[in-house]
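The structure under discussion appears below in the form of structure tokens.
The values are calculated or read from the model by the stated rules, or taken from the named source; none is laboratory data. All values reported here derive from a predicted model rather than from experimental measurement. Heads up, the Cβs are rebuilt from the backbone with ideal geometry, glycines too, and the neighbour counts pull from every protein chain shown. Remember, those area values only see protein heavy atoms, side chains included, never the ligands or the DNA or RNA. Shrake-Rupley method; radii C 1.70, N 1.55, O 1.52, S 1.80 Å.
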Amino acid sequence: MSTVKKRIYELIYLLHRDVTEDETTKLQARISTIIGDFNGSALKEESWGKRRLAYEIKKGVNTYQKAVYMYVVYQTEPGAIEEVERILRLSDACIRFMHIRLDDFDPTSSSALGVTAEPETTEESAQ
């Protein structure tokens, strides 16, 4: 019997700006259920709130200029990706999504990729 290696994935998905809190919660719960079905667990879940998009997104007959950004980092078997993406494609609330496989993940880091901001220098410390 072969075992499938669990990997860490980052998922960012955009929901249209008029989505209700109830719809957001249901979609988050559905994604968490799928991750659990593939022996995985969510490591980090965040809502980045409503933001203006860099460019308009057209989906169907609608054009979107703002969206609610959702961010999830989870560890699971690779087969979960197909199912999560299928659910997001079928969801009327989701307008875009992107998966990235992470090689290194530090849950205490403010950035998922572990990139830290450069420390601010003041004029006094620069002299």
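To the nearest 20 debye, what is the magnitude of the charge dipole of segment 1-45 about its Cα centre, counting +1 on the Cβ of each Lys and Arg and -1 on the Cβ of each Asp and Glu? Numbers along the way, then the final one.
Details: 7 positive and 7 negative charges, 77 e Å.
The calculation lands at about 360 debye.
Using 0.36 nm times the number of residues separating Arg30 and Tyr71, minus their current alpha carbon distance, what extension gain do you get?
Values: separation 41, 0.36 × 41 = 14.76 nm, distance 1.46 nm.
Between Arg30 and Tyr71, full extension yields 13.3 nm more.
Residues with beta-carbon under 14 Å from that of Phe38, excluding Phe38: net charge, scoring Lys, Arg +1 and Asp, Glu -1? Let's see the in-between values first.
Values: positive: Lys5, Lys6, Arg7, Arg30, Arg86; negative: Asp37, Glu77, Glu82, Glu83, Glu85.
Net of charged neighbours comes to 0.
How do 22-28, 98-104 rank on mean C-beta neighbours within 10 Å, highest first? Before the final figure, lay out each step's value.
Working: 22-28: 13.7, 98-104: 11.7.
Highest to lowest by the protection proxy: 22-28, 98-104.
Among Tyr55, His16, Gly40, flag the residue with its Cα farthest along the positive direction of the charge dipole of segment 1-83, charges on Cβ as +1 for Lys/Arg and -1 for Asp/Glu.
Farthest along the dipole direction, towards plus: Tyr55.
Per residue, how much accessible surface does segment 2-73 expose to a 1.4 Å probe? Answer in Å², no decimals.
On the way: 4520 Å² over 72 residues.
Roughly 63 Å² per residue, with all protein chains present.
Arranged from highest to lowest average of other beta-carbon atoms within 10 Å per residue, in what order do the peptides 60-66, 32-38 appear?
Details: 60-66: 10.4, 32-38: 16.3.
Descending mean neighbour count gives 32-38, 60-66.
Give the long-range amide H neighbours of Leu102: residues separated by 5 or more places, or on another chain, with amide H under 5 Å away, using H modelled in the peptide plane at 1.01 Å from N.
Amide H to amide H, under 5 Å and 5 or more residues apart or across chains, Leu102 pairs with Ile8, Tyr9, Glu10.
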